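To start, the structure itself, in structure tokens.
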Amino acid sequence: MILPYDLMARLQNGFMARLKRLPVPHTTQNLAVLSILLRNGFVSNVTRGTITDADPTKWHDASEPHRRIWVDLKYRDDLPVLSAAEVVSKPSKRIHMSPDDVRRICSGQMANFVKPLGMGEVAVLRLGGGNQVRWLEAREALEKGVGGEILCRMR
């Protein structure tokens, strides 16, 4: 399993350096987490590309190690929209949540030593295993009535 540490660190460092566009390694998990951030308004655009530029047509011709996901970072009043990102489930302590636990953290209660989500905060859950892995935001998982491993949270 690929851990989201690298993605969270790259995003936070990119925002601190006031970068407009940031390349991250192309993995299915990174693409899923970034699409959740895009849907929730934390980033302005997500594009596939290569190491050198964000051209989707060149992505198909590039070899696997040279493929990147380019993220356009979003700022409001010269401040980053994404102020903090943290990894919740770690290799030493995986945190799996039942649908009832997901309901608790979304409604303002603590569950499995995980603090409740605040206003404007999102949490990413990984569902399934093997080839059937999906990633959902906590509120989407609540609507579908599913639980899973809570990977990270952003505000």
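Yes/no matrix, rows are residues, columns are (1) open to solvent by 60 Å² or more (accessible area, probe 1.4 Å); (2) not charged (D, E, K, R):
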position	(1), (2)
Thr50	no, yes
Asp55	no, no
Ala62	no, yes
Lys74	yes, no
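Every test in (1) free of Cβ contacts under 8 Å to residues at least 40 places away in the same chain; (2) of a type in the set (D, E, K, R); (3) under 27 Å from Val146 (Cβ atoms) is passed by Asp101 save one, and that test is (1).
Check Val33, Val24 and return the single one that is touching a Lys or Arg at 6+ places or on another chain (Cβ under 8 Å) and open to solvent by less than 10 Å² (accessible area, probe 1.4 Å). Unique residue meeting the criteria: Val24.
The values are calculated or read from the model by the stated rules, or taken from the named source; none is laboratory data. Not measured: the values here are computed from a predicted model. Glycine gets a Cβ as well: all are built from the backbone with ideal geometry, and neighbour counts include every protein chain shown. Protein only, heavy atoms only, side chains kept; ligands, DNA and RNA dropped before computing areas. Shrake-Rupley method; radii C 1.70, N 1.55, O 1.52, S 1.80 Å.
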